[in-house]
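For reference, the structure is listed below as structure tokens.
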Amino acid sequence: MSSELLSLAKRLIAYESCDERSIVECAGFVEAWLEARDIEVAREEIHGLPVLKAEVGPEEAPTIVLEGHIDVVPAHPEQFEPRVEGDRLYGRGAYDMKGAIAAMMVVTAALRDQDRVRVRLGIVGDEESEEAEEGDRGCDRLVAGGFVGDFAITGEPTDLHIGVEAKGVLWLRLEVDGTAAHGATPWLGDNAVLKAVDVFRSIESLPFARQSSELFDRPSINLGRIWGGDALNKVPDTCVIDVDIRYLPGQDPDALLEQVRAMPGVSATALLMRPPATVDRASPFVQGLREAAARQASDGETMSVGRDGASDVVSFLRAGVPAVEFGPVGAGHHGPEEWVSIPSLEGYRRALESFLTAVPERLGE
């Protein structure tokens, strides 16, 4: 693989871009890297976080958007020290999704002077944020500003497969009440923390949790946070839990919320609702990307997949732009040993470039 691509991925990983200052610094590096290659970059902000826009190729050509995020979830300091072991590049964001961002940057620069396709590169800094409201995120700003095209690709991790479906998001905050008592006589109280855990287990048994679809065997339900108790020697009388539900395409998030609210002794508030993503697998763009990816996959197969996590493709789909998730091979995103395959980074770059240059012929079929 090119030393430029590996070096660029390492440089991006080294930014601790899980806070506003570091995200802004990382965006500044991306902007400078592109401008050093004579690619003009427009920069906006949303809630203090950067939104970068760059494009190459003629305006009248078919337009493809490459989009990604430079923000990452928090990690230990050593995870921002990229390291190579064998054919793997380790570090926070290597897989989700700074490796893909590096490849997108290299491809955009390589296609600067061609006249076959217009490539738009959009970089945001809030995809991982739980503070940004749905419809008011960096990618929403891109789309609202007309930064769209005939097709869009986000670089979320898919192991060189084409992500044609993604689960929706329903974040809930649940308040559970109990009865206080002395810690020495817990049988005289009603422990709200224990009740909250029971509530979570009950959510896992609700009707929606047992449903499946073609690409997903079940929804995802995670107990993300819990607060309860104000003294060690007291039975806690209140507890709050945050539950992350990733629901299936075809499920109704309002109906899911009503199922939870129908549980006795629970007060539920929706913190975030984000619709699932679905794109037509017969789209000429999807088929073209699949063929380009198949030439780089070790087994030659890039069957369309469903993604358990949400992504920015929803912003494009809402605007009528077909969009998919497509990223390199790796594992461990959001975990302690996140890595991306170094050979797949180069294969990913080649797949993107091959797909982009073949777009005119694909549309002419």
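The values are calculated or read from the model by the stated rules, or taken from the named source; none is laboratory data. Since the model is a prediction, treat every value here as computed from it, not as a measurement. When we count neighbours, we look across all protein chains shown, and the Cβ atoms used for this are built from the backbone with ideal geometry, even at glycine. Please note that ligands, DNA and RNA were not included when accessible areas were found on the heavy atoms of the full protein model with its side chains. Shrake-Rupley method; radii C 1.70, N 1.55, O 1.52, S 1.80 Å.
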Q. Under the condition of being assigned to a helix (DSSP H, G or I) and of a type in the set (Gly, Ala, Ser), which residue from segment 2-53 is farthest from the chain's Cα centre (by Cα)?
A. SER3
Q.
Looking at (1) open to solvent by 10 Å² or more (accessible area, probe 1.4 Å); (2) at pLDDT 95 or above; (3) under 20 Å from ARG349 (Cα atoms); (4) in contact with a strand residue (DSSP E or B) (Cβ under 9 Å, 6 or more places away or on another chain), which one does ASP159 not meet, given that it meets all the others?
A. (2)
Q. Pick from segment 243-264 the residues that are open to solvent by less than 40 Å² (accessible area, probe 1.4 Å) and not hydrophobic (A, V, I, L, M, F, W, C): which of them is nearest to PHE151 (Cα to Cα)?
A. PRO249
Q: Return the total of residues in segment 1-33 being in contact with a Ser or Thr (Cβ under 7 Å, 6 or more places away or on another chain) and of a type in the set (A, V, I, L, M).
A: 1
(Q) If ALA152 meets every condition in (1) under 19 Å from THR278 (Cβ atoms); (2) surrounded by fewer than 21 Cβ atoms within 10 Å (Cβ to Cβ); (3) at pLDDT 95 or above apart from one, which number is that one? (A) (2)
Q.
Can you tell me which residue is nearest to ALA152 (Cα to Cα) among those in segment 313-365 that are open to solvent by 30 Å² or more (accessible area, probe 1.4 Å) and among the aliphatic types (A, V, I, L, M)?
A. LEU317
Q.
Which count do you get for residues in segment 74-94 that are hydroxyl-bearing (Ser, Thr, Tyr) and touching a Leu at 6+ places or on another chain (Cβ under 9 Å)?
A. 0
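Results for (1) on the phi < 0 side of the Ramachandran plot; (2) of a type in the set (Phe, Trp, Tyr); (3) in contact (Cβ under 8 Å) with a residue 40 or more places away in the chain, shown as yes or no for each residue.
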| position | (1), (2), (3) |
| --- | --- |
| ALA181 | yes, no, yes |
| ALA196 | yes, no, yes |
| ILE245 | yes, no, yes |
| PRO253 | yes, no, yes |
| ALA262 | yes, no, no |
| GLY265 | no, no, yes |
Q: Filter segment 54-79 for residues that are assigned to a strand (DSSP E or B) and either of a type outside the set (Gly, Ala, Ser) or open to solvent by 40 Å² or more (accessible area, probe 1.4 Å) (or both) and give the result.
A: GLU55, VAL56, THR63, ILE64, VAL65, LEU66, GLU67, HIS69
Q.
Can you find, within segment 316-354, the residue that is nearest to MET104 (Cα to Cα) among those that are assigned to a loop (DSSP other than H, G, I, E, B) and among the β-branched types (Val, Ile, Thr)?
A. VAL329
(Q) Looking at SER267, SER205 in this structure, which one is of a type in the set (Gly, Ala, Ser), assigned to a loop (DSSP other than H, G, I, E, B) and open to solvent by 50 Å² or more (accessible area, probe 1.4 Å)? (A) SER205
Q: Identify the residue in segment 270-301 that is hydroxyl-bearing (Ser, Thr, Tyr) and open to solvent by 20 Å² or more (accessible area, probe 1.4 Å) and, among all such residues, is modelled with the lowest pLDDT.
A: SER298
(Q) Tell me yes or no: at least one residue of segment 134-142 is of a type in the set (A, V, I, L, M), within 19 Å of the chain's Cα centre (by Cα) and open to solvent by 10 Å² or more (accessible area, probe 1.4 Å). (A) no
Q | Scope segment 93-133; condition over 18 Å from VAL72 (Cβ atoms) and touching a Ser or Thr at 6+ places or on another chain (Cβ under 8 Å); matching residues | A | VAL106, LEU111, GLN114, ARG116, VAL117, ARG118, VAL119, ARG120, LEU121
Q | segment 158-212 - residue that is touching a Gly at 6+ places or on another chain (Cβ under 6 Å) and hydroxyl-bearing (Ser, Thr, Tyr) and, of those, nearest to ARG281 (Cα to Cα) | A | THR158
Q.
Residue pairs, Cβ under 7 Å, 6 or more apart or interchain, first in segment 7-21 and touching a residue at least 60 places away in the same chain (Cβ under 8 Å), second of a type in the set (Ser, Thr, Tyr). List them.
A. TYR15/SER22; GLU16/SER22
